[in-house]
Amino acid sequence: MGRYRKFFYVGGAWVFLIATLFCGCVTRSQADAQARAAYLAGQKAALASMAEQGQGVVIVGPVQHPNVPWVAGLTLSQAIATANYTGHRNPKEITITHQDEEISVNPRDLLSGHVVPLQPGDTITIRE
């Protein structure tokens, strides 16, 4: 009788051990799918947040951060400062493109304090 009891204890322990090992396991493909779903959910939330704030402004030229989030009242000089202009000298030409319409801005006007408002989706091109 003792021999069978020992067999059931040892066998039961093995069954418990195997059950606990396999019940909580996640395969590599399941883990990848979960990670992908989490990434897409985060990306979707970020895009929704950006949509609430409006489109950004894109700056083409010597800047560290070419994508500047648009906020109400954003001006050209604020956008250039936010993008961190890295040119070695003052720009020769600045162009704002809004819905296929190009507007040239004299860089000297900006330096003298002229305020140029921007709109969501504008593209700013800076040439040295």
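No value in this document is a laboratory result; all are computed from the given coordinates. This is a predicted model, so every value here is computed, not measured. Cβ placement follows ideal geometry from the backbone for every residue including glycine, while neighbour counts extend to all protein chains displayed.
In table form, for the structure just shown:
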| quantity | calculated |
| --- | --- |
| Segment 57-127: radius of gyration and largest Cα-Cα distance (Dmax), Å | 10.9, 30 |
| Packing-based exposure ordering (other Cβ within 10 Å, fewest first) of D109, D100, D32 | D100, D32, D109 |
